[in-house]
1. Only residues that are closer than 22 Å to residue 60 by Cβ and out of contact with any helix residue (DSSP H, G or I) (no Cβ under 9 Å at 6 or more places or on another chain): list them for the stretch 92-104, please.
2. If only one of 37, 91 is at pLDDT 70 or above, under 25 Å from the mean Cα position of the chain (by Cα) and in a helix (DSSP H, G or I), which one is it?
3. Among the residues of the stretch 60-85, which ones are in contact with a strand residue (DSSP E or B) (Cβ under 9 Å, 6 or more places away or on another chain) and either closer than 16 Å to residue 96 by Cβ or exposed (fewer than 12 other Cβ atoms within 10 Å of the Cβ) (or both)?
């Protein structure tokens with residue numbers, strides 16, 4: 001048996017009555033069997049959620065960092081002929097990965 005204590009506070013519409021406080025103790029005889037198993041499932045997901053949170057923070061750090069860096073630097077290239085918006089620096093990681101992976105595969109990977 002599980003005791004449950006409840007308290008209810010009520011005010012009247014035009015403040016004709018004072019605040020009423022009702023308290024009662026109820027005893028629950030039967031507990032739903034699905035609740036503990038669902039709690040175990042949710043607790044089992046916590047380590048996965050923690051790892052995904054760490055990945056999301058690291059993944060978003062690069063985009064915000066390059067945008068912030070792009071707002072503080074000069075936006076012109078080639079003597080003012082090209083103006084680069086700050087948000088285009090977010091693609092620098094992708095472009096550098098595409099360009100440097102073949103170099104890594106052919107040069108550095110052969111050394112090791």
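The values are calculated or read from the model by the stated rules, or taken from the named source; none is laboratory data. Computed from a prediction, not measured in an experiment: that's the story for all the values here. Ideal geometry is used to build each Cβ from the backbone, glycine not excepted, and the neighbour counts take in all protein chains shown.
1. Going residue by residue through the stretch 92-104, those that are closer than 22 Å to residue 60 by Cβ are 92-98.
94, 95, 96, 97, 98, listed by residue number.
2. Numbers: 37 fails: under 25 Å from the mean Cα position of the chain (by Cα).
Exactly one residue qualifies, and that residue is 91.
3. If we filter the stretch 60-85 for residues that are in contact with a strand residue (DSSP E or B) (Cβ under 9 Å, 6 or more places away or on another chain), which is where we start, we get 75-77, 82-84.
Listed by number, the residues that qualify are 76, 77, 82, 83, 84.
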